[in-house]
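Visitor: Shown below is the structure under consideration.
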Amino acid sequence: MITDAENGEIDLILTKEVSRFARNTIDTLTFTRRLSAKNVGVIFTNDNIDTRDKDGELRLTIMASIAQEESRKTSERVKWGLRRSLEKGTVHGPRTRFGYRTIDGVLTVVPEEAETLRRMYNAYVYDGMGCYKIAQELNANKKFTVTGTPWTGSTVLQIMKREIYVGDLVQGKRQCVDYLTKTYKKTAEETHVIFRDNHEAIIDRKTWELAQKTIKERGLDMVENLRRHSTKHWFSGKMSCGACGWSYISNGGNNVKSHTLHCENRRGNGKNPLKAPSGKIYGCSNKGINEKVLLKAMECIMGYIGQTRNEVIDDLLREIAEMQQSDEIINTVPLENEIEKLNTKKRNAIDLMLEDLISKDDLKKQTEFYDSEIVRLNEEIHQSKNINSVHSRQIKKVQEYIVKVKETANITEYNTDIYRELLEKVLVNNDSTIDVYLNCVPFGFKVVYHTSGGTKNYKIHIDSCAIVA
């Protein structure tokens, strides 16, 4: 909304009250000042404040401060009530947990899910199975999570660590530390509210304690160890699977010379696609890709841009010409003049009524007609300004692309720092092709490749590089 207002698409914003506009005084004043700079007013109907008035900001500051203080007091009251409720043993959190349902603040066992949990713990503790293997077997047997999604190694490990399954209730693990931003953080263990043997246990205490010991022995005390994903690589966060849409993630740390990236869906859910009860597909058959392929593809694309920059720029210029021909700038002055004429006619009609030359009913009919015409003309003006604004932004964007293409074409030194800046996203397809999108052009590049050789004489061959929409 703020962006639309700053682009001239909104003239006035109506808000019920100050507390609905922003969480605190600073945000309220910051955004209203930004809007005022663009001649956009904000009216707070319940508080009778209009930022276009001379004293609007002063009154707004007072009301925003009052609203912020009331928000703080409400937060304190809620936290106090929650703490007292926790101390009484009332269960808070999701009503639906795997193995339990919360009914009137009390945990009730779900027999079928409880049996699945016992099998999971027995497999982990006594059969020596890992979390990933347990997840695979559960999914193969159509035993899904409480939300209907397949299990992963991470979710199985979380289940192994939850004391709720041994009958203990631990509450207050997180608390809100900022009532304005709703930021939560983990609390110290000494502040937790603990109820031992609070409810019916699903897992006996001996098995549960052996599970905790096994977790530490296997070095999996933190879930993050299952899925380490560095964001320091030049391609991090920009790779996704063209088959299922999941992210492609690296298989090693920062010290690995070259990385092989894999579809996160395949790594977590296997290579055989599986349809969950929710309708979502889990598992992917797409293969991994070596970082060297990406480097070779980027080098090829950079060379392609350098060789064809004139053709690329000509295409962008033609795009601008087509936009200018298809969307001519609409002149709204005649429409605004017509509105002024109608307002004059309304004033003249009022004068005629005051002089008893026309009746009040005639005046009402005339003014209703004039008002309907003014509304129609204002709508045309709004649409025209919107078209002009969008048109102007589109042309400006294409002009920026032209500048970036020229700058990119002049780059002669290829390295990962440059690639990091230029790369927008990469789609890895399962037919030995990748679609590469840069932030300097409004289209992508389809790179066809094949590899040969083993580990010592591994080679990448780029078969073709072409522009795609």
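Visitor: Filter segment 350-365 down to the residues that are at pLDDT 75 or above and either in contact with a Leu (Cβ under 9 Å, 6 or more places away or on another chain) or of a type in the set (S, T, Y) (or both) and list them by number.
Guide: I350, S359, D362, L363
Visitor: Okay, moving on. If I go through segment 6-18 residue by residue, how many of them are touching a strand residue (DSSP E or B) at 6+ places or on another chain (Cβ under 7 Å) and under 8 Å from V40 (Cα atoms)?
Guide: Residues in segment 6-18 being touching a strand residue (DSSP E or B) at 6+ places or on another chain (Cβ under 7 Å) and under 8 Å from V40 (Cα atoms): 2 in total.
Visitor: Still on this structure, I have one more. Hey, among the residues in segment 22-45 that are farther than 13 Å from S65 by Cα and hydrophobic (A, V, I, L, M, F, W, C), which one's nearest to the chain's Cα centre (by Cα)?
Guide: Filtering first and then ranking leaves F31.
Visitor: For segment 346-356, which residues satisfy the criterion of being exposed (fewer than 15 other Cβ atoms within 10 Å of the Cβ) and either charged (D, E, K, R) or in contact (Cβ under 8 Å) with a residue 60 or more places away in the chain (or both)?
Guide: The answer is R347, D351, E355, D356.
Visitor: Answer yes or no: is there a residue in segment 144-154 that is small (G, A, S), assigned by TED's automatic domain parsing to the domain that holds I215, in a helix (DSSP H, G or I) and under 34 Å from the mean Cα position of the chain (by Cα).
Guide: Pass one, segment 144-154, residues small (G, A, S): 148, 153-154.
Checking which are assigned by TED's automatic domain parsing to the domain that holds I215 leaves us with 148, 153-154.
Retained after the next criterion (residues that are in a helix (DSSP H, G or I)): 153-154.
Subsequent filtering for residues that are under 34 Å from the mean Cα position of the chain (by Cα) retains 153-154.
Yes; the residues of segment 144-154 include at least one that is small (G, A, S), assigned by TED's automatic domain parsing to the domain that holds I215, in a helix (DSSP H, G or I) and under 34 Å from the mean Cα position of the chain (by Cα).
Visitor: Please verify whether W208 is outside any loop (DSSP other than H, G, I, E, B), of a type in the set (F, W, Y), surrounded by 13 or more Cβ atoms within 10 Å (Cβ to Cβ) and at pLDDT 85 or above, treating the condition exactly as stated.
Guide: yes
Visitor: Quick check on my filter: what residues within segment 239-282 are on the phi > 0 side of the Ramachandran plot and at pLDDT 85 or above?
Guide: Pass one, segment 239-282, residues on the phi > 0 side of the Ramachandran plot: 245, 270, 279.
Matches in segment 239-282: G245 only.
Visitor: Inside segment 363-376, can you point out the residues that are touching a residue at least 12 places away in the same chain (Cβ under 8 Å) and farther than 19 Å from L335 by Cα?
Guide: L363, Q366, listed by residue number.
Visitor: Related question: Identify the residue in segment 446-456 that is at pLDDT 90 or above and not β-branched (V, I, T) and, among all such residues, is surrounded by the fewest Cβ atoms within 10 Å (Cβ to Cβ).
Guide: Here the answer is H450.
Visitor: Would it be correct to say that Y401 is of a type in the set (S, T, Y) and either at pLDDT below 85 or surrounded by fewer than 15 Cβ atoms within 10 Å (Cβ to Cβ) (or both)?
Guide: When the stated conditions are applied, Y401 passes them.
Visitor: Would you point out the residue of segment 37-62, among those that are assigned to a loop (DSSP other than H, G, I, E, B) and among the hydroxyl-bearing types (S, T, Y), that is surrounded by the most Cβ atoms within 10 Å (Cβ to Cβ)?
Guide: Looking at the filtered set, the residue picked out is T51.
Visitor: Based on what the data block shows, is S85 out of contact with any helix residue (DSSP H, G or I) (no Cβ under 8 Å at 6 or more places or on another chain), modelled with pLDDT under 85 and either in a loop (DSSP other than H, G, I, E, B) or surrounded by 14 or more Cβ atoms within 10 Å (Cβ to Cβ) (or both)? Full working, then the answer.
Guide: Working: out of contact with any helix residue (DSSP H, G or I) (no Cβ under 8 Å at 6 or more places or on another chain): yes; modelled with pLDDT under 85: yes; either in a loop (DSSP other than H, G, I, E, B) or surrounded by 14 or more Cβ atoms within 10 Å (Cβ to Cβ) (or both): yes.
When the stated conditions are applied, S85 passes them.
Visitor: For segment 457-465, check the following and say yes or no: at least one residue is exposed (fewer than 15 other Cβ atoms within 10 Å of the Cβ) and touching a residue at least 40 places away in the same chain (Cβ under 8 Å).
Guide: If we filter segment 457-465 for residues that are exposed (fewer than 15 other Cβ atoms within 10 Å of the Cβ), which is where we start, we get 457-459, 461, 463-464.
Retained after the next criterion (residues that are touching a residue at least 40 places away in the same chain (Cβ under 8 Å)): 458.
Within segment 457-465 (the criterion being exposed (fewer than 15 other Cβ atoms within 10 Å of the Cβ) and touching a residue at least 40 places away in the same chain (Cβ under 8 Å)), the answer is yes, since at least one residue qualifies.
Visitor: Among the candidates G130, G105, which residue alone is of a type outside the set (K, R) and either within 18 Å of D204 (Cα to Cα) or surrounded by 14 or more Cβ atoms within 10 Å (Cβ to Cβ) (or both)?
Guide: Numbers: G105 fails: either within 18 Å of D204 (Cα to Cα) or surrounded by 14 or more Cβ atoms within 10 Å (Cβ to Cβ) (or both).
G130 is the lone residue from the list that is of a type outside the set (K, R) and either within 18 Å of D204 (Cα to Cα) or surrounded by 14 or more Cβ atoms within 10 Å (Cβ to Cβ) (or both).
Visitor: Please go through segment 417-434 and pick out each residue that is surrounded by fewer than 16 Cβ atoms within 10 Å (Cβ to Cβ) and either at pLDDT below 80 or in a strand (DSSP E or B) (or both).
Guide: Within segment 417-434, D417, I418, E421, E424, K425 meet the criteria.
Visitor: Look through G279, G303 and report the one residue that is surrounded by fewer than 18 Cβ atoms within 10 Å (Cβ to Cβ) and assigned to a helix (DSSP H, G or I).
Guide: None of the other options fit; the residue is G303.
The values are calculated or read from the model by the stated rules, or taken from the named source; none is laboratory data. Remember, it's a predicted structure, so these values are computed and weren't measured experimentally. We place every Cβ from the backbone using ideal geometry, glycine too, and count neighbours over all the protein chains shown.
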